[in-house]
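The values are calculated or read from the model by the stated rules, or taken from the named source; none is laboratory data. Keep in mind the model is a prediction, meaning the values are calculated, not measured. All Cβ positions, even for glycine, are placed from backbone atoms using ideal geometry, and neighbour counts span all protein chains on display.
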Amino acid sequence: MRVEKIVYDGVVKTLESPAQVVPRGYVIGKPLHVFIDGIENAVINGIYPIDKPVVLGSTGVVRVLEAPSADEGLSGKVAFVSPVSEKGLLSVELDGLLSTYVVVPEEHIIGITNTVPKPLSALSCIASLSYRLALEAGPNPVIIGCGVSGLMTALHVLSDNGSPEIICVRRESLRYARSVGLLPIQSFENLKEGYSSIVYTSHAPWVLKNLLMRSASKLVVSPLIRMTSIILTPSIRRVDVIMPMPSRIEYKRDVIEKIGRLLGFIELSNIVDVLGLMPPPKLGVIVSFTRS
C-alpha cells in the first residue's frame, strides 16, 4: 500500500511512500477533518526549524483503523487529535495529519466519539487548549497574539465575565479580533495596569519582555509556540511560568462558532489537492476529506 503525504522539507511538496508499520503506542487512521493554521505557517516561514522532512497538518479528527497496543475499543471510533502532547508538536517534531493514512501517538488523542462530527470539530483540540489557557489566565489577563488560540483564549475569558486585553502582533490580525467582539491593543500606552497574568500565544519576544517589565507575576505559555522555558533577565522580578496541556475535549461552544466564521472550509477527495492551500489563507482553513 502506498501513502501520499503533504511534506515540508524546505518546500511544501507531495511525497509518496510505502505504508509504515504502526509502532507500539500509536494508532493508524484516516483523516476526516484537518485544521491548517498558524503552526503550518510557522514551519513554512522558518519560525519552527525542523530537523527532518515532516508531514503537515497539526490537528483535527481521524477515524481510527487500527490501535495495536491501545484499548481495542478505539478501532472504528473517531478520534480528536491534539496538536501537542508531552511527545512533541505535530507538524514540527512529529508527523501531522495530511496523509492518506496517519500514524498518531496515543497521547495526542484527547477525545473519541462514535459519530462523524462536522468540519468545525477540527477546532475542538485548539479550543480545549484555549479553554485551559483561559482558566490559568485569571479574570483580566493580557494576551499576546491574535491567532486562533489567542482569540479563543480571550473569548473564553470573556465568557466567564472576565476582562481580557489582547495584543495583535500582526497588523492584519486586528480586524479578526474586532470581528469577534474584542478590542485589541495597538499601543502599550493603552494597556491597563494590574493584569492577572500574561498569556503568550504568539512569538513576540519584544512584546513579552516589555510586559514582564511591568506588573505581571504569572506567565501562561501556550505549548503551541514550542517554548519550554522563558529566560528572565535580572531586571525582571520572579515570574511563575505555567504551560498547560489539553487533556480532554472541553470548551464553550459559542467560542468555536465565532472563530469558525473567520475560517475557510473546503472539501477534497485527495490529499495531494491540499498543496494548493499552502500557506493556509486567512486565519486558517478546515479541510474535509470526502473519501475517508
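Report yes if some residue within the range 76-93 is farther than 28 Å from Arg132 by Cβ, at pLDDT below 90 and in a strand (DSSP E or B); otherwise report no.
No, because not a single residue in the range 76-93 is farther than 28 Å from Arg132 by Cβ, at pLDDT below 90 and in a strand (DSSP E or B).
Please find, within the range 264-292, the residue that is farthest from the chain's Cα centre (by Cα) out of those that are in a helix (DSSP H, G or I) and of a type in the set (Val, Ile, Thr).
So, considering only residues that are in a helix (DSSP H, G or I) and of a type in the set (Val, Ile, Thr), the one farthest from the chain's Cα centre (by Cα) is Val272.
Looking at this structure, is Ser202 surrounded by 20 or more Cβ atoms within 10 Å (Cβ to Cβ) and not assigned by TED's automatic domain parsing to the domain that holds Ala42?
yes
Here are Ser75, Ser91: which of them is surrounded by 24 or more Cβ atoms within 10 Å (Cβ to Cβ) and either hydroxyl-bearing (Ser, Thr, Tyr) or not assigned by TED's automatic domain parsing to the domain that holds Asp37 (or both)?
Going through Ser75, Ser91 in turn, the sole match is Ser91.
With the structure loaded, tell me whether Glu189 is over 20 Å from the mean Cα position of the chain (by Cα), part of a helix (DSSP H, G or I) and on the phi < 0 side of the Ramachandran plot or whether it fails that test.
yes
Among the residues in the range 30-40, are any aromatic (Phe, Trp, Tyr) and touching a Ser or Thr at 6+ places or on another chain (Cβ under 7 Å)?
Yes, that holds for at least one residue.
Could you say which residue among Tyr195, Tyr131 is of a type in the set (Phe, Trp, Tyr), out of contact with any Cys (no Cβ under 9 Å at 6 or more places or on another chain) and either within 18 Å of Ser82 (Cα to Cα) or assigned by TED's automatic domain parsing to the domain that holds Ala79 (or both)?
Of the residues listed, the single one that is of a type in the set (Phe, Trp, Tyr), out of contact with any Cys (no Cβ under 9 Å at 6 or more places or on another chain) and either within 18 Å of Ser82 (Cα to Cα) or assigned by TED's automatic domain parsing to the domain that holds Ala79 (or both) is Tyr131.
Yes or no, residue by residue, for (1) in a strand (DSSP E or B); (2) at pLDDT below 90; (3) not aromatic (Phe, Trp, Tyr):
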residue: Val7; (1), (2), (3): yes, no, yes
residue: Gly10; (1), (2), (3): no, yes, yes
residue: Leu15; (1), (2), (3): yes, yes, yes
residue: Gln20; (1), (2), (3): no, yes, yes
residue: Pro31; (1), (2), (3): yes, no, yes
residue: Val34; (1), (2), (3): yes, no, yes
residue: Ile39; (1), (2), (3): no, yes, yes
residue: Ala42; (1), (2), (3): no, yes, yes
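If Leu56 satisfies every condition in (1) modelled with pLDDT under 90; (2) touching a strand residue (DSSP E or B) at 6+ places or on another chain (Cβ under 7 Å) but one, which is the exception?
Single failed check for Leu56: (1).
Working only within the range 165-180, note down all residues that are in contact (Cβ under 8 Å) with a residue 24 or more places away in the chain, out of contact with any His (no Cβ under 9 Å at 6 or more places or on another chain) and within 23 Å of Gly194 (Cα to Cα).
Glu165, Ile166, Ile167, Ala177
Conditions first: (1) of a type in the set (A, V, I, L, M); (2) touching a strand residue (DSSP E or B) at 6+ places or on another chain (Cβ under 9 Å); (3) at pLDDT 90 or above. Ala127 passes all but one, so which condition is the exception?
(2)
Filtering the range 58-72 down to residues that are surrounded by fewer than 19 Cβ atoms within 10 Å (Cβ to Cβ) and aliphatic (A, V, I, L, M), which residue is farthest from Pro223 (Cα to Cα)?
Taking the candidates together, the pick is Leu65.
Within the range 35-57, is even one residue of a type in the set (D, E, K, R), surrounded by 21 or more Cβ atoms within 10 Å (Cβ to Cβ) and within 17 Å of Leu129 (Cβ to Cβ)?
Yes, the range 35-57 has at least one match.
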